[in-house]
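S.K.: Before anything else, here's the structure in question.
The values are calculated or read from the model by the stated rules, or taken from the named source; none is laboratory data. Note that this is a predicted model, so its numbers are computed, not measured. Positions of Cβ are backbone-derived with ideal geometry, glycine not excepted, and every protein chain shown enters the neighbour counts. These accessible areas exclude ligands, DNA and RNA; they are computed on the full protein's heavy atoms, side chains included. Shrake-Rupley method; radii C 1.70, N 1.55, O 1.52, S 1.80 Å.
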Amino acid sequence: MSSRALRRLKGKQRGQEALDLGDLVPGEGPEPEEQAADVEEEEVEPDEAVLQSVKSSIRKAKKNKKNLSNIYELICDAENEAEKATTDEDTVKPEEQNGDESKEKSDSGETEKRDAQPETGAAKSGDKTSKKKKKKKKKKNTTGDKQEGAGDDIDALLETIEQSNGLTLQSEGCGGSDNRPVLYVEHRNLNPETELKRYFGARAVLGDQRPRQRQRQFHRSTWMTIPKNTWPRFSRPGISMTLLESRDGLQYFTFEHSRDYQQIQFKFLDSVESMDPNNIVALLQMNPYHIDSLLQLSDVCRIQEDQEMARDLIERALYSFECAFHPVCSLTSGTSRLDYLRPENRAFYLAGYKHMMFLERRGCPRTALEYCRLILSLDPDSDPLCMLLLIDFLSLRSREYNFLLRLYQDWEVHRNLSQLPNFAFSVALSHFHLSQEDQTESEERERLKHKADLLLQDALIMFPGVLMPLLDLCTVQPDAAVSSHDFFGPRSQLGQTPALAELVSLYVGRTHTLWREGGVLLWLEECVKEVLRRVDAKDPLVEDCQNKRKQRYQSAPLNIHRHVILSEIKEATSTLPLEVTTQAVMGFDPLPPLDSVVSYTRPERQSLGASNESTLSLFFRSLLPNFNLQGEPMPQDDLEVAQAGRELNQEVNRLMVAMRDMLANIQFQEPPREDNPDRDEGEWD
């Protein structure tokens with residue numbers, strides 16, 4: 001509240017006397033005749049000025065969205081206290097009630113002459129006060145003790161309003177995040193420039209650009225991406241978002257394609273089948289904001305090591321999506337849901353994931369973590385891209401240890417996160433890093449260090465196959481006592497199920513760089529020695545974890561395979577099962593769900609006899625078991641033959657994969673050299 005409003009509430013306005021608390025009563029105003037006369041006055045009366053000031057502060061508080069509830073409640077309490085103080089002040093003492101009746105008659109006479117003769121604001125205030133006192137005589141309410149301190153109550157209330165307002169603003173900026181949902185997303189953290197400015201400064205990030213040049217004039221302001229001058233002129237490509245339903249405080253949305261966009265989608269599928277990237281480029285020239293074309297061409301550019309163009313295409317896809325958002329859809333609240341079973345929604349997941357990986361490689365792990373939260377909040381129950389296998393790595397990279405621990409504590413009960421290798425090791429590593437911070441007190445540091453030791457020991461006992469590959473990638477030679485022990489030796493890796501081996505390889509290949517620090521390796525060495533001591537002592541936890549590994553991790557779900565394919569970590573992709581590696585994987589829709597909700601289907605393509613295919617193309621197509629030149633329906637016997645041919649092709653593909661693995665593992669040894677270099681090569685023994 002401004003100082004001017006404070007002066008007006010305290011009665012220190014120029015040309016005004018000290019305000020009487022009786023004037024603060026909103027419900028007891030002057031008679032209609034007095035109101036008609038007061039409207040013609042040049043200055044506003046003191047009691048009306050106070051009420052207008054309080055009402056204006058209420059309006060300002062309503063405009064402040066961050067502190068709406070707190071400030072509004074405080075002001076309402078201030079008004080209630082003011083009304084109460086007014087009632088106490090208006091209840092006059094017995095000495096004043098037994099005053100001269102002539103004085104009351106004179107006061108009432110002056111009140112009657114009010115309409116005829118204009119008076120000053122102070123005189124009118126006195127007249128109104130005397131008239132209110134005359135009305136209050138009938139109530140006989142005496143409050144002698146509260147009357148003296150009523151004047152100080154207003155000052156105390158005003159100071160309370162200002163102090164609480166400042167504290168509320170401070171808590172919103174500093175410590176208010178504890179009350180937010182664990183997957184709360186902040187708009188400013190979606191912009192990588194926010195993180196880069198924190199690292200290098202605004203001048204290094206923005207350069208010599210002027211403020212007017214930084215803010216380009218675009219019709220739509222977005223949070224995820226900033227449109228660039230090099231982009232084509234934006235026109236709605238035919239994507240829209242619809243609110244399906246709202247239940248339990250959640251809003252379920254879906255993207256929809258118009259008829260024109262569906263035709264473009266069919267052309268895109270034809271371009272993909274042609275295996276020629278130039279066809280996709282030609283399609284993008286006609287439709288520069290087609291989502292799947294942007295995603296597919298981005299993969300082509302990334303394979304060709306054109307990272308800048310690949311990132312630019314992903315940002316253009318996100319911009320097209322954000323321009324189609326529903327007005328009710330909120331990225332920050334964590335209550336908006338998108339069903340991955342609908343093909344129209346999958347492109348948004350994939351665009352967000354690829355943009356997140358570009359940000360992580362660019363050196364913006366905090367921004368990447370915010371996108372990881374966003375993608376996970378869209379469907380936290382199903383988690384179609386398995387973001388839980390990545391969120392711990394980004395939290396450690398961005399040093400958001402408290403967030404990782406909070407997520408672990410909130411979701412451990414219903415998601416059983418401790419049974420994932422990445423969470424078992426990353427939570428222990430978070431406790432260790434918190435214990436090494438300088439601002440941590442000594443007692444808290446010892447507690448965190450002790451808890452980190454226990455968590456890492458439990459993780460090593462539960463997942464012993466992590467240690468040796470981790471030390472190998474960290475280029476650390478293990479101790480002979482460790483490498484020769486049966487618990488951490490080759491037997492621990494060979495005894496893993498394929499699903500567990502896939503999770504372990506994914507974690508080790510992704511986070512081995514976080515374990516290369518000197519202090520972390522020393523801590524790991526201490527915990528490994530303690531684990532070996534517990535194993536030799538026949539700790540019951542060792543046998544319990546062994547039984548859990550045998551019963552669980554039998555087969556990995558489809559979302560884990562999808563995550564491994566998108567991660568492109570070679571240690572993990574080599575562990576994928578054959579049923580995944582033998583099928584075609586498209587970059588715009590890797591491993592689609594088996595129970596997809598299809599809103600429209602692609603029309604069947606009929607091959608005519610007079611086709612434009614070359615003779616060589618027809619010859620290769622004729623080698624396929626389901627070849628039909630005339631495009632006529634195949635009989636049942638031919639369909640069975642075609643099915644058998646497809647199965648044969650799968651077997652051949654599996655055989656080729658096995659042969660490639662065998663050839664990759666062959667090691668050629670050079671023949672031993674003889675010790676006598678002077679011996680004649682032509683001699684025979």
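S.K.: Given (1) surrounded by 15 or more Cβ atoms within 10 Å (Cβ to Cβ); (2) over 21 Å from Met356 (Cα atoms), where does Val508 come up short, assuming only one miss?
M.R.: Of (1) surrounded by 15 or more Cβ atoms within 10 Å (Cβ to Cβ); (2) over 21 Å from Met356 (Cα atoms), only one is false for Val508: (2).
S.K.: Quick one: what pairs do we get from region 301-316, first residue farther than 22 Å from Thr222 by Cβ and at pLDDT 95 or above, second surrounded by 18 or more Cβ atoms within 10 Å (Cβ to Cβ) and hydrophobic (A, V, I, L, M, F, W, C), C-beta under 6 Å, 6+ apart or different chains?
M.R.: none
S.K.: Would you say Ala351 is without any contact (Cβ under 8 Å) to a residue 40 or more places away in the chain and either among the polar types (S, T, N, Q) or touching a helix residue (DSSP H, G or I) at 6+ places or on another chain (Cβ under 9 Å) (or both)? Can you show your working first?
M.R.: Values: without any contact (Cβ under 8 Å) to a residue 40 or more places away in the chain: no; either among the polar types (S, T, N, Q) or touching a helix residue (DSSP H, G or I) at 6+ places or on another chain (Cβ under 9 Å) (or both): yes.
It is false that Ala351 is without any contact (Cβ under 8 Å) to a residue 40 or more places away in the chain and either among the polar types (S, T, N, Q) or touching a helix residue (DSSP H, G or I) at 6+ places or on another chain (Cβ under 9 Å) (or both).
S.K.: How many of the residues making up region 317-331 are among the aromatic types (Phe, Trp, Tyr) and in contact with a Lys or Arg (Cβ under 6 Å, 6 or more places away or on another chain)?
M.R.: Quick first cut of region 317-331, residues among the aromatic types (Phe, Trp, Tyr) only: 319, 321, 325.
Within this subset, residues satisfying the condition of being in contact with a Lys or Arg (Cβ under 6 Å, 6 or more places away or on another chain) are none.
Going through region 317-331 one residue at a time, the tally reaches 0.
S.K.: Oh, and also: What's the number of the condition Ala368 fails, among (1) open to solvent by less than 20 Å² (accessible area, probe 1.4 Å); (2) over 17 Å from Tyr184 (Cβ atoms)?
M.R.: The number of the failed condition is (2).
S.K.: Right, something else. Give the residues of region 284-339 that are of a type in the set (Lys, Arg) and under 20 Å from Val585 (Cα atoms), sorted by residue number. Can you show your working first?
M.R.: Our first condition is that a residue be of a type in the set (Lys, Arg); within region 284-339, this holds for 302, 311, 316, 337.
Within region 284-339, just Arg302 meets the criteria.
S.K.: Restricting to region 289-322, count the residues that are open to solvent by less than 20 Å² (accessible area, probe 1.4 Å) and not in a helix (DSSP H, G or I).
M.R.: The number of residues fulfilling the criteria is 2.
S.K.: Another question, then. Need a quick list: helices (runs of 4 or more DSSP H) entirely within region 551-606 having at least 1 residues that are open to solvent by 80 Å² or more (accessible area, probe 1.4 Å) and not basic (Lys, Arg).
M.R.: Filter on region 551-606 gives 578-581.
Yes/no per residue for (1) farther than 29 Å from Glu186 by Cβ; (2) modelled with pLDDT of 95 or more; (3) in contact with a strand residue (DSSP E or B) (Cβ under 6 Å, 6 or more places away or on another chain):
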| residue | (1), (2), (3) |
| --- | --- |
| Ser271 | yes, no, no |
| Pro277 | yes, no, no |
| Met286 | yes, no, no |
| Thr332 | no, no, no |
| Leu350 | no, yes, no |
| Met356 | no, yes, no |
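S.K.: Between Phe423, Phe432, which is part of a helix (DSSP H, G or I), touching a Leu at 6+ places or on another chain (Cβ under 6 Å) and of a type in the set (Phe, Trp, Tyr)? Explain how you work it out, then say what you get.
M.R.: Numbers: Phe432 fails: touching a Leu at 6+ places or on another chain (Cβ under 6 Å).
Just a single option satisfies the conditions, and that option is Phe423.
S.K.: Among the residues of region 382-396, write down those that are assigned to a helix (DSSP H, G or I) and in contact with a Phe, Trp or Tyr (Cβ under 7 Å, 6 or more places away or on another chain).
M.R.: From region 382-396, those assigned to a helix (DSSP H, G or I) are 387-389, 391-396; that's our starting set.
Across region 382-396, the qualifying residues are Asp392, Ser395.
S.K.: Among the numbered criteria (1) in a helix (DSSP H, G or I); (2) more than 14 Å from the chain's Cα centre (by Cα), which one does Tyr349 miss?
M.R.: (2) is the only condition that Tyr349 fails.
S.K.: Now for a different question. In the set Leu455, Leu471, which member is assigned to a helix (DSSP H, G or I), open to solvent by 40 Å² or more (accessible area, probe 1.4 Å) and without any contact (Cβ under 8 Å) to a residue 60 or more places away in the chain?
M.R.: On the way: Leu471 fails: open to solvent by 40 Å² or more (accessible area, probe 1.4 Å).
Only one candidate qualifies: Leu455.
S.K.: So Gly465 clears everything in (1) touching a residue at least 24 places away in the same chain (Cβ under 8 Å); (2) in a helix (DSSP H, G or I); (3) out of contact with any helix residue (DSSP H, G or I) (no Cβ under 6 Å at 6 or more places or on another chain) except one condition, right? Which one?
M.R.: (3)
S.K.: Looking only at region 323-346, which residues are assigned to a loop (DSSP other than H, G, I, E, B), under 15 Å from the mean Cα position of the chain (by Cα) and farther than 20 Å from Thr225 by Cα? Step through it out loud before you land on a result.
M.R.: Let us first name the residues in region 323-346 that are assigned to a loop (DSSP other than H, G, I, E, B), namely 324-335, 339-342.
From what is left, the residues that are under 15 Å from the mean Cα position of the chain (by Cα) are 329-335.
Thr335, the sole residue that qualifies.
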